[in-house]
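Visitor: The structure is given below, and queries will be raised subsequently.
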Amino acid sequence: MARNLDAKCRQCRREGEKLFLKAEKCYTDKCAVERRAYAPGQHGQKKNTRLSEYGGQLREKQKLRRVYGILEGQFRRTYQRAEQARGITGEALLQFLESRLDNVSYRMGFGGSRAEARQTVRHNGILVNGKRVNIPSYQVRPGDVIEVAEKAKNHLRLKSAIEAAEQRGFPEWIDVNAKELKGTYKAMPQRSELPATINEHLIVELYSK
């Protein structure tokens, strides 16, 4: 199985912003972006490096891929699906990414990061409507009930993750019962409910060439 083995903090520094890939570390002063706010590598501190139009579009795509932790082939297939969907392609792309089971599990606090939530899914730790699903890319539908399997409920990392998520607050499009480690995916998020730092229009321009 193909995986991205790049150091997560280097990925954040390469994009020049926090991608929240390292769970609670991203919320502390130990975050690499806070300590070294420049790109990694020998030429990372070079100033006045201007990106071309294509370069900006490519960086935006790479950033979005890294945020959701998926490889190029899977990202392209998701884009093609969004292109065929009704409505605005860029918004549909974000909605499909947000509807992935690993991402919904992360949003519900069933993992400190998307990588942790993905591992929980792969290890049969998540149930969808009472049935075990171990496919991270599984598309959750509005009304689906997501819960942590009984065998995984006592994991310490999961308990700390749900506590931290509860303190930060949950998105409007999900309803979570933190005590029962259970939640409902109420609806696909609207564009206004997603991070403004993502410029999906650049990705649409890139793939439209």
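Visitor: Using each residue's phi in segment 194-206, evaluate 6.51 cos²θ - 1.76 cosθ + 1.60 at θ = phi - 60° and report the 3J(HN,Hα) Karplus result to the nearest Hz, with x for Gly and Pro.
Guide: Couplings: 9, x, 6, 6, 8, 10, 5, 5, 5, 5, 5, 4, 5 Hz.
Visitor: Additional query: Over all Cα pairs of segment 98-168, how is the pair count split among 10 Å bins, expressed in % and running from 0 up to the last occupied bin?
Guide: Result, from short to long distances: 24, 59, 17 percent.
Visitor: Sticking with this one: Could you give me the ³J(HN,Hα) list for segment 179-188, computed from phi with Karplus coefficients 6.51, -1.76, 1.60 and θ = phi - 60°, whole Hz, x at Gly and Pro?
Guide: Per residue, the Karplus-derived 3J(HN,Hα) values read 5, 8, 6, 8, x, 10, 7, 6, 6, 5 Hz.
Visitor: On to the next question. Taking the beta-carbon count within 10 Å as an exposure proxy, list Ile135, Ile203 from fewest neighbours to most.
Guide: Working: Ile135 13, Ile203 25.
Neighbour counts put them in this order, fewest first: Ile135, Ile203.
Visitor: Exposure proxy check: Tyr54, Tyr207 ranked by fewest other beta carbons within 10 Å?
Guide: Tyr54, Tyr207
Visitor: Further question: Which trypsin sites (Lys or Arg not before Pro) in segment 58-110 pass both tests, a DSSP loop state and at most 10 other beta-carbon atoms within 10 Å?
Guide: Arg86
Visitor: Whole-Hz ³J(HN,Hα) for each residue in segment 117-134, computed from phi via Karplus 6.51 cos²θ - 1.76 cosθ + 1.60 with θ = phi - 60°, x for glycine and proline: what do you get?
Guide: Computed from phi, the couplings for segment 117-134 are 5, 5, 5, 4, 5, 5, 8, 6, x, 10, 10, 10, 6, x, 10, 6, 10, 10 Hz.
Visitor: Step through the table entries Lys131/Lys159; Lys159/Lys182; Lys61/Lys209; Lys61/Lys186, compare each Cα-Cα distance with 19 Å, and write down the pairs that go over it.
Guide: On the way: Lys131/Lys159 22 Å; Lys159/Lys182 13 Å; Lys61/Lys209 14 Å; Lys61/Lys186 28 Å.
Flagged as over cut-off: Lys131/Lys159; Lys61/Lys186.
Visitor: Please sort by residue number the GluC sites (Glu not before Pro) in segment 133-198 whose DSSP state is loop and whose Cβ has at most 16 other Cβ atoms within 10 Å. Intermediate results must be reported in sequence, preceding the final value.
Guide: On the way: sites: Glu147, Glu150, Glu163, Glu166, Glu172, Glu180, Glu193; in loops: Glu172, Glu180.
Sites meeting the loop and neighbour criteria: Glu172, Glu180.
Visitor: Using amide H atoms built 1.01 Å from N in the peptide plane, name the residues 5+ places from His123, or on other chains, whose amide H lies under 5 Å from its own.
Guide: none
Visitor: Please arrange Asp175, Asp144 by how many other C-beta atoms lie within 10 Å of their C-beta, fewest to most.
Guide: Going from least to most buried by this count: Asp175, Asp144.
Visitor: Something else now. So what does the Cα-only Debye profile of segment 145-187 read at q = 0.14, 0.18, 0.24 Å⁻¹, as log10 I(q)/I(0), no solvent term?
Guide: Log-scaled intensity ratios, in q order: -0.31, -0.51, -0.86.
Visitor: Find out how many positive minus negative residues lie around Asn103, taking Lys and Arg as positive, Asp and Glu as negative, among other residues whose Cβ is under 11 Å from that of Asn103.
Guide: Its environment carries a net charge of +2.
Each reported figure results from applying straightforward, stated rules to the coordinates on display, with no laboratory input. A quick note: this is a predicted structure, and the numbers were derived from the prediction, not measured. Note: ideal-geometry Cβ built from the backbone for every residue, glycine included; neighbour counts use all protein chains shown.
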